[in-house]
Amino acid sequence: MNALAIFLGMIGPWQIGLIIVVVLLLFGGKKIPELMKGLGSGIKEFKNAAKDDQPAEKKEEEKKE
């Protein structure tokens, strides 16, 4: 069993609701979209960096296709 399944098994709907309420109280409704946009761009940059970090052989194979 992977760690994510164990973690999700420990968190129920009440805990998720509580986390959402706390985040809204801390950051406010206007700040949340900005935070999510920053998180999304960070994930996109990470994926691009991981793709660029492939071994040279794989890059050559992708160019041939």
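Observations on the structure shown:
- If the condition is being modelled with pLDDT under 85 and open to solvent by 100 Å² or more (accessible area, probe 1.4 Å), then the stretch 32-65 contributes LYS51, ASP52, ASP53, GLU57, LYS58, GLU60, GLU61, GLU62, LYS63, LYS64, GLU65.
- Contact map, the stretch 31-47: residues that are under 16 Å from ILE20 (Cα atoms) paired with residues that are of a type outside the set (A, V, I, L, M, F, W, C), Cβ distance under 8 Å, separation 6+ or inter-chain. No pairs are found.
The values are calculated or read from the model by the stated rules, or taken from the named source; none is laboratory data. Because the structure is a prediction, the values reported are computed rather than measured. No Cβ is skipped: glycine too gets one built from the backbone with ideal geometry, and neighbour counts run over all protein chains shown. For the accessible areas, the whole protein counts, side chains as well, though only heavy atoms, and no ligand, DNA or RNA atoms are used. Shrake-Rupley method; radii C 1.70, N 1.55, O 1.52, S 1.80 Å.
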